[in-house]
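Readers should treat all values here as calculations from the given coordinates under stated rules, not as data from a laboratory. Here the structure is a predicted model, which means the values were calculated and not measured. Glycine also receives a Cβ, built like all others from the backbone with ideal geometry; neighbour counts cover every protein chain displayed.
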Amino acid sequence: MALLPEYRARGIGKKLLLTTLKKAKANGIERVELLVYKSNDVAKTMYEKIGFKIEGIRHKAMKIDGKYYDDCIMSLFLDEIELY
């Protein structure tokens with residue numbers, strides 16, 4: 001998921017994610033996993049507030065323009081949280 005800069009910090013990403021998680025739970029999905037750049041503290045904080053936990057790091061997961069980036073693997077068990 002990504003938002004254009006002019007649409008960030010408005011709660012749109014959180015609303016999109018919560019809507020998706022509610023639909024997933026209603027369809028019997030029990031576990032959701034995502035990858036996020038390790039350096040993306042804003043996104044990681046949002047995911048953690050919802051209930052996602054960091055499971056690990058994928059070192060040098062991507063190479064863009066000659067630079068390596070690490071990913072955080074995050075997961076959430078939908079039966080462990082209340083989706084508001």
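Could you please give the count of residues in the range 1-40 that are touching a residue at least 40 places away in the same chain (Cβ under 8 Å) and among the charged types (D, E, K, R)? Of the residues in that region, 5 qualify. Cβ-Cβ distances below 7 Å connect the following pairs, each with a first residue in the range 56-72 that is farther than 18 Å from residue 43 by Cα, a second residue that is among the hydroxyl-bearing types (Ser, Thr, Tyr) and surrounded by 10 or more Cβ atoms within 10 Å (Cβ to Cβ), and a separation of six or more residues or different chains: 60/68.
Assess whether residue 6 counts as being exposed (fewer than 11 other Cβ atoms within 10 Å of the Cβ), among the acidic types (Asp, Glu), out of contact with any helix residue (DSSP H, G or I) (no Cβ under 8 Å at 6 or more places or on another chain) and in a helix (DSSP H, G or I).
It is true that residue 6 is exposed (fewer than 11 other Cβ atoms within 10 Å of the Cβ), among the acidic types (Asp, Glu), out of contact with any helix residue (DSSP H, G or I) (no Cβ under 8 Å at 6 or more places or on another chain) and in a helix (DSSP H, G or I).
Taking the range 31-84 as the range and being in a helix (DSSP H, G or I), surrounded by 15 or more Cβ atoms within 10 Å (Cβ to Cβ) and charged (D, E, K, R) as the test, only 44 passes.
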